[in-house]
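Comments concern the structure below.
Every read-out reported here was derived from the displayed coordinates using simple, explicitly stated rules and does not represent laboratory data. Just so you know, these numbers come straight off a predicted model, no measurement behind them. A quick note on method: Cβ atoms are made from the backbone with ideal geometry, for glycine too, and the neighbour counts reach across all protein chains shown.
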Amino acid sequence: MHEMSLAQAMLALAQQHAAGQRIVALRVRVGALSGVVTDSLEFSFELLSQGTSAAGARLEYEFVPVQMTCRACGADVPTDKWCELPGNEAVLMALEKGCACGCKELKITGGYDFQLVEIEVA
Ligand SMILES: [Zn+2]
């Protein structure tokens with residue numbers, strides 16, 4: 001279970017930064033292609049944080065959409081209209097549509113993020 005190890009790493013990092021203070025919230029950046037299931041992450045975090053200074057802390061998300069760039073002209077190709085789709089489907093839609101310049105060779109330049117960006121202490 002991927003989320004369990006991510007939750008463990010998040011908890012360790014948050015505790016290190018909080019230096020003994022009680023942690024009330026963690027802000028996490030989650031990319032559309034990260035494969036992270038937030039429900040599982042929350043479940044794992046809740047389990048692991050029991051009895052620690054982060055018990056009961058809430059998780060806040062900053063979702064990062066898929067980012068695609070055209071190989072021909074270097075333009076960013078918008079994928080926001082497919083943001084409701086799973087990341088890999090958004091990639092397929094973008095590849096099918098291509099860049100405004102007519103080129104269909106796009107590369108993925110973002111959306112793999114998983115990062116603890118901020119913690120809030122009491
Ligand atoms: Zn282009």
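Mark the label point 7 Å from the Cα of residue 60 along Cα→Cβ and return the residues of region 19-36 whose backbone N is within less than 19 Å of it. From region 19-36, the list is 19, 21-31. Antiparallel beta bridges, as assigned by DSSP with both residues in the chain, represent about 65 percent of the total such bridges. Take every Cα pair under 8 Å whose residues are at least 6 apart in sequence, average their separation, divide by the length of region 67-109, and the relative contact order is 49 percent. Each label was represented as a point 7 Å from its Cα along the Cα-to-Cβ direction; for residue 115 and residue 42 these points are 2.4 nm apart. For the chain, averaging the sequence separation of C-alpha pairs within contact (under 8 Å, six or more residues apart) and dividing by the residue count gives a relative contact order of 36 percent.
Checking every one of the GluC sites (Glu not before Pro) in region 29-114 against DSSP loop status and a limit of 16 other Cβ atoms within 10 Å picks out 84, 105. Sparse packing (at most 14 other Cβ atoms within 10 Å of the Cβ) combined with a DSSP loop state is found for the following trypsin sites (Lys or Arg not before Pro) in region 1-72: 22, 71.
Can you give me the angle between helix 38-49 and the longest principal axis of the chain, using Cα atoms only, in degrees from 0 to 90, rounded to the nearest 10? That works out to roughly 20 degrees.
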